[in-house]
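A short write-up of the structure that comes next.
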Amino acid sequence: MNRFAPAIVVLAMGTVTGLVAQNDVVSYVNPLVGSQKSAIGYGGTMPFVTPPFGMTNWTPQTRQNKISIVSYNYDDTTISGFIGTHQPAIWMGDYGYVTVIPQVGELRTTPESRKLSYSHASEVARPDYYRVSLGTGADGKIQAEMTATERCAFFRFTFPNAAGPRVIVEASRPGIAGLASVNSQTQEITGYNPHRMDAHLGPFALPNFKGYFVVQFEQPPMDMKTYGDDGSSHGAYAEFRPGQTIQVRIGTSFISIEQARQNLMREIPSWNFRAVQEKLHTIWNRKLSQLQIGGATDKDKTLMYTAMYHALLYPRVFSEYGRYYSAFDDSIHNGESYTAYSIWDTFRAENSMLTLLAPERIDGMITALLQNFKEGGWMPKWPNPSYTNIMIATHADSLVAEAFRKGFTGFDRQLAWQAVYKDAMTPPDGDTTRRWLDREEYTPYEARAGLTYYKQLGYIPTDKTDEAASSTLEDSYDDWCIAQIAKALGRSEDFRFFLKRSLNDRNLYNPALGLMNGRTSDGKWAPIGGEKDDDQNRSVSGWTEGDTWVYTWSPLHDQAGLIQLMGGVENYDKKLDQHFSGGHNVHSNEPSHHYGYLYDFDGQPWKTQAMVRKIAAEEYDASPGGLDGDDDCGQMSAWLLFTAMGFYPVSPASGEYMIGSPMYGEISLTLANGKRFRLETSNNSAKNVYIQSATLNGKTLDMPVITWEQIQAGGVLHFVMGPEPSKWGSKWRPALILAN
């Protein structure tokens, strides 16, 4: 495994940019983490140069991205361009992207022919700046530098004294009806790319969709031409005199070419590369500095600040100075918008982390989901940028409920009720005539697949709907979220209705098995075998990316009910021990993320303390191969951030956080209200993982739970740590939900 050494990279960055100072936390971010397959896993991340939540992300392109392949892989040895991408995760596609390629010699436009060699020794990767030396053979090297703004990029290409230096702009790939045009008077290349790789996963054709771009050059080109009329590609290029440093700025838009130009003039009004970089550096440093870490090595800080960088990338901005293109009704609207919500993943911890790190964004993010509801008929579960029908349940309900619970009020609360009520009560079109297969193509919006049966039977039958058992358990949690929204709005009858229905998870508990079990429409227990185990490739056992062990503890809101079903805390604890000892905990996928914290519920929090430290040590590293599993728009990273801070939102819409084992001597968080919440430990180390005692603002804390209000009040949470388990927090039990 190639190890990342923060001190070396900091020195390299300092000599290049002069921006690194002793207290400059940006210097600890390594955007290469997660970009390499390793013994730990593969995070599917890319070294993005972008501000937090940037609309367009810029990265070197070592391979042609598509669904299941991202643009950059650490193990590749060549770069074929620099792409302005909107691909949010490895399992999703890109859309409206644009690629820029520096080149010398003869014109080469295909990805294979235009590849240039590079080594990581020449590579500097930071959130605000990327630099690499590209080999051209006997012609020497091209130095490429890149920085960015929310919707635009700034490149600086230093060419060798060789013939044919040019900058190519690839508007679209073969078979895609993109467009590029040149204007020698304004020194511009403009165009658009209508490609949406995920278009087959949603119901809308979106004929007006395009990713627009404007490319401008500071140095006058000797010539500008288009290429690709033969169908091989669509693009244009500008040629320059040998030996020059060429500055290029690019504006992007989903509204129009003129809007892309306006975005560029707003965000990069001059040809000052350093000024743009310094501004982006300041943005990241200000945001990252909200978290301060004491008693940590440089490697620890790289681990933490890189996780924070990843957690602050999504969902991405999708509006442009008061207007946005809607990928739900194919029209332009006034307002603020976001996209790339990987909600099945991120509702667990990432969204909760954003309520702490970026609360100024939450109202806009919820408003964007509600606008999607108005324009497309439903809140989406995985917009990219339109409906994709990927994953199960309607966990936008959880995001809305969490916003209600935490006191966010800058969105239409009555519209929010309409949206979550429709999720819970209106089956999708063709609900009883479709299996709703995972990633089934060209279907209506899936919403809650099998809701018809859920309302009739109290569960979704495995012989009628795919992924039925998982959906039943996750729909139950969403019903609990809707009950909390109803309560906040004073809708008492609705509160009681959805609270009762939130206990549908209990209908799948099989006492003979001691685990959750799918059921068929006649009430019988479904097989618990393989996920796809019949000749029609149907999920007869009913699970999504898991099995009965992975999903038994998935009702986030109802652990007390599960304890009761299992016959008490001792049986719950034994079964949880079997889960971990049997190798069922798969941290690379989200359904297992809260499991390490579940011992808090059965009176043995010392097991949680040991387990979460073990998972953090085994599944994360400050190296390119340091993420076990797709980061999924920050969810993997958010888990690490919460775990390092010592608490985690097992049931995120509850506003409660279960306490684990803080990883460092001190972590402090600057809150939006100006207060600071500081977590301090005594005797903390890799061996001293067990909490011996705790105080909150000097008062004894004897339960393994803290609340949103306690964090927002600021102050000090102090733990005394030790090498042996203690009985701290062991008397606490969760309250049982009773629905009359």
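Each reported figure results from applying straightforward, stated rules to the coordinates on display, with no laboratory input. Keep in mind that this is a model prediction, so the values were computed, not measured. Methodologically, a virtual Cβ is constructed for each residue, glycine included, from the backbone with ideal geometry; neighbour enumeration extends over all protein chains shown.
Data overview
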item: Protection-proxy order for peptides 376-389, 433-446, 147-160, each taking the mean of Cβ atoms within 10 Å per residue, highest first; result: 376-389, 147-160, 433-446
item: Calculated SAXS-style log₁₀ I(q)/I(0) at q = 0.10, 0.12, 0.23 Å⁻¹ - the stretch 153-254, Debye, Cα scatterers; result: -0.32, -0.44, -1.19
item: 27 Å Cα-Cα threshold exceeded, pairs from K381/K464; K37/K614; K66/K210; K299/K731; K687/K727; K575/K727; result: K299/K731
item: For the stretch 49-60, Karplus couplings with θ = phi - 60° (6.51, -1.76, 1.60), whole Hz, Gly/Pro x; result: 9, 5, x, x, 6, x, 5, 10, 9, 10, 8, x
item: D_trans [Stokes-Einstein, Kirkwood Rh over alpha-carbon pairs] for the stretch 47-288, 4 °C, 1.567 mPa s, µm² s⁻¹; result: 73 µm²/s
item: From the C-alpha gyration tensor of the stretch 38-181, square roots of 5λ in Å; result: 23, 18, 16
item: Cα centroid separation - the stretch 351-418 against the stretch 140-168, whole Å; result: 39 Å
item: Partner aspartates and glutamates for K699 [C-alpha distance under 18 Å; skip if fewer than 8 residues away on the same chain]; result: E680, E709
item: Assigned charges on the beta-carbon of Lys, Arg, Asp, Glu; the chain dipole about Cα centre (debye); result: 1340 debye
item: Distant alpha-carbon pairs in the chain (separation over 32 angstrom), percent; result: 53 percent
item: Quarter of Cα convex hull surface for the stretch 426-526, i.e. mean projection, nm²; result: 6.9 nm²
item: Residues whose placed amide H lies under 5 Å from that of T552, excluding near-sequence neighbours; result: M516
item: Kirkwood-based shape ratio for the stretch 606-731, expressed as Rg/Rh from alpha carbons; result: 0.96
item: Cα-based Rg / Dmax (Å) for the stretch 539-680; result: 15.8, 52
item: CD proxy at 222 nm, helix term only [per DSSP H run n ≥ 4: -39500 (n - 2.57); per residue of the chain; nearest 500]; result: -8000 deg cm²/dmol
item: D (Stokes-Einstein, µm²/s), Kirkwood Cα radius, the stretch 298-712, 1.567 mPa s at 4 °C; result: 59 µm²/s
item: Quotient of C-alpha Rg and 2.2 N^0.38 Å, computed over the stretch 364-504; result: 0.99
item: Computed over the stretch 298-712: relative contact order in percent, which uses C-alpha pairs under 8 Å that are six or more apart; result: 15 percent
item: Karplus-derived HN-Hα couplings along the stretch 464-481 (A = 6.51, B = -1.76, C = 1.60, θ = phi - 60°), whole Hz, x at Gly and Pro; result: 10, 9, 5, 6, 5, 5, 4, 5, 4, 5, 6, 4, 4, 4, 5, 4, 4, 4
item: Inter-centroid distance (Cα atoms) of the stretch 218-269 relative to the stretch 498-521, Å; result: 58 Å
item: Per-peptide average of other Cβ atoms within 10 Å, ordering 47-55, 206-214 highest first; result: 47-55, 206-214
